[in-house]
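The values are calculated or read from the model by the stated rules, or taken from the named source; none is laboratory data. Keep in mind that what you see is a predicted model, and the values were worked out from it rather than measured. When we count neighbours, we look across all protein chains shown, and the Cβ atoms used for this are built from the backbone with ideal geometry, even at glycine. The protein model used for the area step is the full one, side chains on, heavy atoms only, and it has no ligands, DNA or RNA in it. Shrake-Rupley method; radii C 1.70, N 1.55, O 1.52, S 1.80 Å.
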Amino acid sequence: SLKEMAKKDLEALNIVLIYAVGDKNTQDEAMFKEVLSSVDTREILRGASMDGLSAILRIYLAKRDLWPATALAIPARAAALGELWLPALQAYEKALEANPKDIMALRGVSLVYYRTGDVQRAIDSIKAAMAAGDKEAASDGVELAIITARQDIWDQFKEAAKSIKINPAVRAGMVQFSNSRDGYADMFFMACEGEGSEPLFKDAGVMELIANGLKKYGTDPRAAALKSKFTWMVL
């Protein structure tokens, strides 16, 4: 039962891996490899806790020679969250050497490239993930444009971002950024419209930013529609 749960749940995965190799006298390396080879990396990371990631990173560092390339994005993500950039980069690049279209590795390594000073490689990795079939990776491009404050990066990803579901946290960042810079009307209205925008209007702080944005971009033709849609807002 735990082996089945371990395909999508990090806590279960940690338990099985420790069971398999925790006792040096009864190590079951075959089980260790078998379980890791069948994990759904995206689902594992979606529900991962910081404690779970810390545990999986410790297991990886102790048994990295047994780790299949298909599961390397998990400890790589854990290392990146701990700002252990070299182990993260090594794991991501090993995963991509085995499979250049590993979407989770492509999206994950983009953060590492950015944090280690190579913004262009971060951009290229996001685009590679999109080309490999993950259109949602465009939201990573939007985030990169915001944290680097670079118009050229926004211009590269804004069209692709129009057709994906952007999560509320990224949308809130888009609203805040477009308020602090001139020339980002597209970013502001994209954040406030479409599927996934609803939670923004349940947060008083974000609502205030939206109100400010509507004043800032009030002459834009899209402003009237947004005002009429949310007439209960005090503008």
Fill in: Single condition SER139 does not satisfy, out of (1) hydroxyl-bearing (Ser, Thr, Tyr); (2) buried (at least 18 other Cβ atoms within 10 Å of the Cβ); (3) more than 27 Å from ALA105 (Cα to Cα)
(3)
Worksheet item: Within the range 167-183, restricting attention to residues that are hydrophobic (A, V, I, L, M, F, W, C) and open to solvent by 20 Å² or more (accessible area, probe 1.4 Å), which residue is farthest from LEU226 (Cα to Cα)?
Response: ALA169
Practice prompt. Output yes when any residue across the range 53-62 is open to solvent by 40 Å² or more (accessible area, probe 1.4 Å), closer than 24 Å to ALA98 by Cα, outside any helix (DSSP H, G or I) and out of contact with any Asp or Glu (no Cβ under 9 Å at 6 or more places or on another chain), and no when none is.
Written response: no
Worksheet item: Checking VAL109 against (1) open to solvent by 30 Å² or more (accessible area, probe 1.4 Å); (2) part of a helix (DSSP H, G or I); (3) in contact (Cβ under 8 Å) with a residue 24 or more places away in the chain; (4) farther than 23 Å from GLY22 by Cβ, which single condition isn't satisfied?
Response: (1)
Discussion item. Which count do you get for residues in the range 1-39 that are charged (D, E, K, R), surrounded by fewer than 14 Cβ atoms within 10 Å (Cβ to Cβ) and touching a residue at least 12 places away in the same chain (Cβ under 8 Å)?
Written reply: 1
Response to the item:
Per the list (1) surrounded by fewer than 18 Cβ atoms within 10 Å (Cβ to Cβ); (2) of a type in the set (Gly, Ala, Ser); (3) part of a helix (DSSP H, G or I), residue check on GLY194 breaks on (3)
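Here is a yes/no grid of residues against (1) of a type in the set (Ser, Thr, Tyr); (2) closer than 20 Å to LYS127 by Cβ; (3) within 19 Å of the chain's Cα centre (by Cα); (4) at pLDDT below 95:
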site: ILE146; (1), (2), (3), (4): no, yes, yes, no
site: ALA160; (1), (2), (3), (4): no, yes, yes, no
site: ILE166; (1), (2), (3), (4): no, yes, yes, yes
site: VAL170; (1), (2), (3), (4): no, yes, yes, no
site: TYR184; (1), (2), (3), (4): yes, no, no, no
site: GLY194; (1), (2), (3), (4): no, no, no, yes
Worksheet, complete the sentence: When restricted to GLN120, GLN90, GLN156, the only residue assigned to a helix (DSSP H, G or I), under 24 Å from LEU61 (Cα atoms) and open to solvent by 40 Å² or more (accessible area, probe 1.4 Å) is GLN90
Practice prompt. Could you tell me which numbered condition ILE164 fails, if it satisfies all but one of (1) open to solvent by 50 Å² or more (accessible area, probe 1.4 Å); (2) under 15 Å from SER139 (Cα atoms); (3) of a type in the set (A, V, I, L, M)?
Written response: (1)
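Here's the yes/no breakdown for (1) over 22 Å from LEU2 (Cβ atoms); (2) without any contact (Cβ under 8 Å) to a residue 12 or more places away in the chain; (3) aliphatic (A, V, I, L, M); (4) out of contact with any Phe, Trp or Tyr (no Cβ under 8 Å at 6 or more places or on another chain):
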| position | (1), (2), (3), (4) |
| --- | --- |
| ILE44 | no, no, yes, yes |
| GLY47 | no, no, no, yes |
| LEU61 | yes, no, yes, yes |
| LEU66 | no, no, yes, no |
| ALA76 | yes, no, yes, no |
Worksheet item: Can you spot a residue in the range 184-191 that is open to solvent by 70 Å² or more (accessible area, probe 1.4 Å) and not β-branched (Val, Ile, Thr)?
Response: no
